[in-house]
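Undergrad: Sending over a structure as C-alpha coordinates; questions will come in a sec.
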Amino acid sequence: MGRVYTAAFTGVSVSATQDFFEVVAPSTAIVVLHEVHITQDASETSEQLPVSVIRVPSTVTSGTGGSSITPRKMQSGDPAAAATVEANNTTVATTSGTLETLDRLGDNVLNGWHWVWPPESRPVIAPSGTMVVRLGTAPGAALTMSGLVKFEEIG
(Lines give C-alpha, C1' and ligand atoms only; values in the text may rest on other atoms or scores of the structure.)
Protein backbone atom coordinates (compact mmCIF):
# COMPACT_ATOMS: atom_id res chain seq x y z
CA MET A 1 0.00 0.00 0.00
CA GLY A 2 1.16 3.51 -0.82
CA ARG A 3 0.79 6.75 1.07
CA VAL A 4 -2.58 8.51 1.26
CA TYR A 5 -3.11 12.27 0.98
CA THR A 6 -5.99 14.73 0.79
CA ALA A 7 -6.28 18.08 -0.93
CA ALA A 8 -9.17 20.45 -0.34
CA PHE A 9 -10.59 23.84 -1.19
CA THR A 10 -13.06 25.67 1.03
CA GLY A 11 -15.63 28.38 0.44
CA VAL A 12 -14.76 29.21 -3.18
CA SER A 13 -17.21 31.21 -5.32
CA VAL A 14 -18.01 29.11 -8.40
CA SER A 15 -19.78 30.79 -11.31
CA ALA A 16 -18.15 29.15 -14.37
CA THR A 17 -17.35 25.77 -15.84
CA GLN A 18 -14.07 24.64 -14.25
CA ASP A 19 -11.79 21.88 -13.10
CA PHE A 20 -12.58 21.52 -9.41
CA PHE A 21 -9.37 19.49 -9.13
CA GLU A 22 -6.42 18.81 -11.42
CA VAL A 23 -4.21 16.02 -10.03
CA VAL A 24 -0.84 15.36 -11.68
CA ALA A 25 1.04 12.20 -10.75
CA PRO A 26 4.80 12.47 -10.17
CA SER A 27 7.11 10.83 -12.72
CA THR A 28 8.15 8.29 -10.08
CA ALA A 29 4.75 6.95 -8.98
CA ILE A 30 1.18 6.20 -9.94
CA VAL A 31 -1.66 7.97 -8.19
CA VAL A 32 -4.89 6.20 -7.30
CA LEU A 33 -8.01 8.25 -6.55
CA HIS A 34 -9.90 6.98 -3.51
CA GLU A 35 -12.57 9.63 -2.97
CA VAL A 36 -13.91 12.92 -4.30
CA HIS A 37 -16.41 15.07 -2.44
CA ILE A 38 -17.82 18.36 -3.78
CA THR A 39 -20.47 20.35 -1.94
CA GLN A 40 -22.04 23.78 -2.03
CA ASP A 41 -22.03 25.64 1.25
CA ALA A 42 -24.78 28.24 1.19
CA SER A 43 -27.36 27.99 -1.60
CA GLU A 44 -30.91 26.83 -1.06
CA THR A 45 -31.64 26.87 -4.79
CA SER A 46 -32.17 23.54 -6.51
CA GLU A 47 -30.09 23.09 -9.67
CA GLN A 48 -28.92 19.99 -11.54
CA LEU A 49 -25.25 20.12 -12.70
CA PRO A 50 -22.88 17.50 -14.19
CA VAL A 51 -19.48 16.68 -12.67
CA SER A 52 -17.05 14.29 -14.36
CA VAL A 53 -13.81 12.51 -13.51
CA ILE A 54 -11.66 12.73 -16.63
CA ARG A 55 -8.27 11.28 -17.56
CA VAL A 56 -6.30 13.81 -19.62
CA PRO A 57 -3.94 11.73 -21.82
CA SER A 58 -1.04 12.64 -24.10
CA THR A 59 0.35 16.16 -24.07
CA VAL A 60 -1.48 18.09 -21.36
CA THR A 61 -1.90 21.83 -21.08
CA SER A 62 -2.64 22.53 -17.43
CA GLY A 63 -5.68 24.61 -16.57
CA THR A 64 -5.38 28.15 -15.21
CA GLY A 65 -7.29 30.61 -13.09
CA GLY A 66 -7.33 28.59 -9.89
CA SER A 67 -4.74 27.89 -7.23
CA SER A 68 -2.24 25.24 -6.17
CA ILE A 69 -3.12 23.16 -3.14
CA THR A 70 -0.61 21.48 -0.86
CA PRO A 71 -1.78 17.88 -0.29
CA ARG A 72 -1.99 16.86 3.35
CA LYS A 73 -0.68 13.49 4.49
CA MET A 74 -3.09 11.18 6.30
CA GLN A 75 -0.30 9.60 8.37
CA SER A 76 1.81 12.12 10.28
CA GLY A 77 5.12 10.30 9.65
CA ASP A 78 4.77 10.15 5.85
CA PRO A 79 6.75 12.42 3.53
CA ALA A 80 5.11 15.23 1.59
CA ALA A 81 3.15 14.21 -1.49
CA ALA A 82 5.04 14.22 -4.78
CA ALA A 83 1.82 14.68 -6.79
CA THR A 84 0.66 18.21 -7.54
CA VAL A 85 -2.91 19.43 -7.15
CA GLU A 86 -4.62 22.54 -8.45
CA ALA A 87 -8.18 23.61 -7.69
CA ASN A 88 -10.83 25.76 -9.34
CA ASN A 89 -9.11 26.31 -12.69
CA THR A 90 -11.66 28.26 -14.74
CA THR A 91 -9.66 27.63 -17.91
CA VAL A 92 -9.79 23.82 -17.99
CA ALA A 93 -6.94 21.43 -18.79
CA THR A 94 -6.65 20.37 -22.42
CA THR A 95 -4.88 17.59 -24.29
CA SER A 96 -3.54 16.73 -27.72
CA GLY A 97 -5.32 13.38 -27.27
CA THR A 98 -8.92 12.51 -26.48
CA LEU A 99 -10.29 13.18 -23.00
CA GLU A 100 -11.35 9.96 -21.25
CA THR A 101 -14.42 10.36 -19.04
CA LEU A 102 -14.17 7.69 -16.34
CA ASP A 103 -17.13 8.73 -14.20
CA ARG A 104 -19.92 11.27 -14.45
CA LEU A 105 -22.74 12.30 -12.14
CA GLY A 106 -25.48 14.77 -12.90
CA ASP A 107 -26.67 15.70 -9.45
CA ASN A 108 -28.44 18.43 -7.60
CA VAL A 109 -26.17 21.02 -5.97
CA LEU A 110 -28.17 20.66 -2.76
CA ASN A 111 -26.96 17.04 -2.52
CA GLY A 112 -23.40 17.58 -3.75
CA TRP A 113 -21.26 14.95 -5.46
CA HIS A 114 -19.51 12.13 -3.66
CA TRP A 115 -17.49 9.31 -5.17
CA VAL A 116 -15.94 6.58 -3.02
CA TRP A 117 -14.67 3.90 -5.38
CA PRO A 118 -14.20 0.28 -4.31
CA PRO A 119 -10.52 -0.76 -4.59
CA GLU A 120 -10.97 -2.63 -7.88
CA SER A 121 -12.65 0.38 -9.56
CA ARG A 122 -10.46 3.26 -8.42
CA PRO A 123 -9.22 5.56 -11.20
CA VAL A 124 -5.45 5.32 -11.70
CA ILE A 125 -3.19 8.10 -12.97
CA ALA A 126 -0.03 6.87 -14.70
CA PRO A 127 3.33 8.44 -13.82
CA SER A 128 3.36 12.07 -15.06
CA GLY A 129 -0.32 11.67 -15.99
CA THR A 130 -3.20 14.03 -15.23
CA MET A 131 -6.77 13.56 -14.05
CA VAL A 132 -9.37 16.27 -13.48
CA VAL A 133 -12.69 16.54 -11.66
CA ARG A 134 -14.66 18.88 -13.92
CA LEU A 135 -17.83 20.90 -13.51
CA GLY A 136 -19.25 20.61 -17.03
CA THR A 137 -21.89 23.34 -16.89
CA ALA A 138 -21.75 26.73 -15.22
CA PRO A 139 -24.27 27.21 -12.41
CA GLY A 140 -27.16 29.63 -12.98
CA ALA A 141 -25.81 31.85 -10.19
CA ALA A 142 -22.56 31.86 -8.22
CA LEU A 143 -22.31 29.12 -5.61
CA THR A 144 -20.02 28.96 -2.58
CA MET A 145 -18.42 25.52 -2.86
CA SER A 146 -15.94 23.29 -1.08
CA GLY A 147 -14.29 20.07 -2.18
CA LEU A 148 -11.87 17.31 -1.24
CA VAL A 149 -9.91 14.72 -3.19
CA LYS A 150 -8.29 11.76 -1.42
CA PHE A 151 -5.56 9.90 -3.30
CA GLU A 152 -2.78 7.36 -2.82
CA GLU A 153 0.74 7.53 -4.24
CA ILE A 154 2.29 4.17 -5.11
CA GLY A 155 5.83 4.10 -6.35
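The values are calculated or read from the model by the stated rules, or taken from the named source; none is laboratory data. Model, not experiment: these values are computed from the prediction. Here the Cβ positions follow ideal geometry from the backbone for every residue, glycine too, while neighbour counts run over all protein chains shown.
Undergrad: Pairs, please: C-beta under 7 Å, at least 6 apart or cross-chain, first residue modelled with pLDDT under 95 and in region 1-27, second not in a loop (DSSP other than H, G, I, E, B)?
TA: Filtered contacts from region 1-27: Gly2/Glu152; Gly2/Glu153; Gly2/Ile154.
Undergrad: Ok, one more. Out of all the residues in region 53-74, is one or more among the hydroxyl-bearing types (Ser, Thr, Tyr), assigned to a loop (DSSP other than H, G, I, E, B), out of contact with any Gly (no Cβ under 9 Å at 6 or more places or on another chain) and surrounded by 17 or more Cβ atoms within 10 Å (Cβ to Cβ)? Lay out the reasoning, then the answer.
TA: Quick first cut of region 53-74, residues among the hydroxyl-bearing types (Ser, Thr, Tyr) only: 58-59, 61-62, 64, 67-68, 70.
Those left that are additionally assigned to a loop (DSSP other than H, G, I, E, B): 58-59, 62, 70.
After this cut, where a residue has to be out of contact with any Gly (no Cβ under 9 Å at 6 or more places or on another chain) as well, the list is 62, 70.
Narrowing further to those that are surrounded by 17 or more Cβ atoms within 10 Å (Cβ to Cβ): 62.
Looking for residues that are among the hydroxyl-bearing types (Ser, Thr, Tyr), assigned to a loop (DSSP other than H, G, I, E, B), out of contact with any Gly (no Cβ under 9 Å at 6 or more places or on another chain) and surrounded by 17 or more Cβ atoms within 10 Å (Cβ to Cβ), one finds at least one in region 53-74, hence yes.
Undergrad: Another question, then. Take region 108-153 and flag every residue that is without any contact (Cβ under 8 Å) to a residue 60 or more places away in the chain and part of a loop (DSSP other than H, G, I, E, B).
TA: If we filter region 108-153 for residues that are without any contact (Cβ under 8 Å) to a residue 60 or more places away in the chain, which is where we start, we get 111, 118-121.
Scanning region 108-153 gives Asn111, Pro118.
Undergrad: Separate question: Name the residues in region 89-100 that are outside any strand (DSSP E or B), surrounded by 15 or more Cβ atoms within 10 Å (Cβ to Cβ) and more than 14 Å from the chain's Cα centre (by Cα), would you?
TA: Initially, region 89-100 is screened for residues outside any strand (DSSP E or B), giving 90, 92-93, 96-99.
Applying the additional criterion that residues be surrounded by 15 or more Cβ atoms within 10 Å (Cβ to Cβ) yields 90, 92-93, 99.
Leu99 - this is the single residue of region 89-100 that is outside any strand (DSSP E or B), surrounded by 15 or more Cβ atoms within 10 Å (Cβ to Cβ) and more than 14 Å from the chain's Cα centre (by Cα).
Undergrad: Could you please find all residues in region 27-52 being in contact with an Asp or Glu (Cβ under 7 Å, 6 or more places away or on another chain) and part of a loop (DSSP other than H, G, I, E, B)?
TA: Residue satisfying the conditions is Ala29 alone.
Undergrad: Can you say whether Asp103 is surrounded by 13 or more Cβ atoms within 10 Å (Cβ to Cβ), of a type in the set (Asp, Glu), touching a strand residue (DSSP E or B) at 6+ places or on another chain (Cβ under 9 Å) and assigned to a strand (DSSP E or B), as far as the supplied structure shows? Steps first, answer last, please.
TA: Values: surrounded by 13 or more Cβ atoms within 10 Å (Cβ to Cβ): yes; of a type in the set (Asp, Glu): yes; touching a strand residue (DSSP E or B) at 6+ places or on another chain (Cβ under 9 Å): yes; assigned to a strand (DSSP E or B): yes.
So Asp103 fits the description; yes.
Undergrad: Within region 75-88, work out how many residues are of a type in the set (D, E, K, R) and either in a loop (DSSP other than H, G, I, E, B) or more than 23 Å from Met145 (Cα to Cα) (or both). Don't jump to the end; show me each part of the working.
TA: Start the filter on region 75-88 by keeping residues that are of a type in the set (D, E, K, R), which leaves 78, 86.
Those left that are additionally either in a loop (DSSP other than H, G, I, E, B) or more than 23 Å from Met145 (Cα to Cα) (or both): 78.
Number satisfying all stated conditions: 1.
Undergrad: Anything in region 142-155 that is exposed (fewer than 15 other Cβ atoms within 10 Å of the Cβ) and modelled with pLDDT of 95 or more? List them, or say none.
TA: Start the filter on region 142-155 by keeping residues that are exposed (fewer than 15 other Cβ atoms within 10 Å of the Cβ), which leaves 142, 144, 154-155.
Across region 142-155, the qualifying residues are Ala142, Thr144, Ile154.
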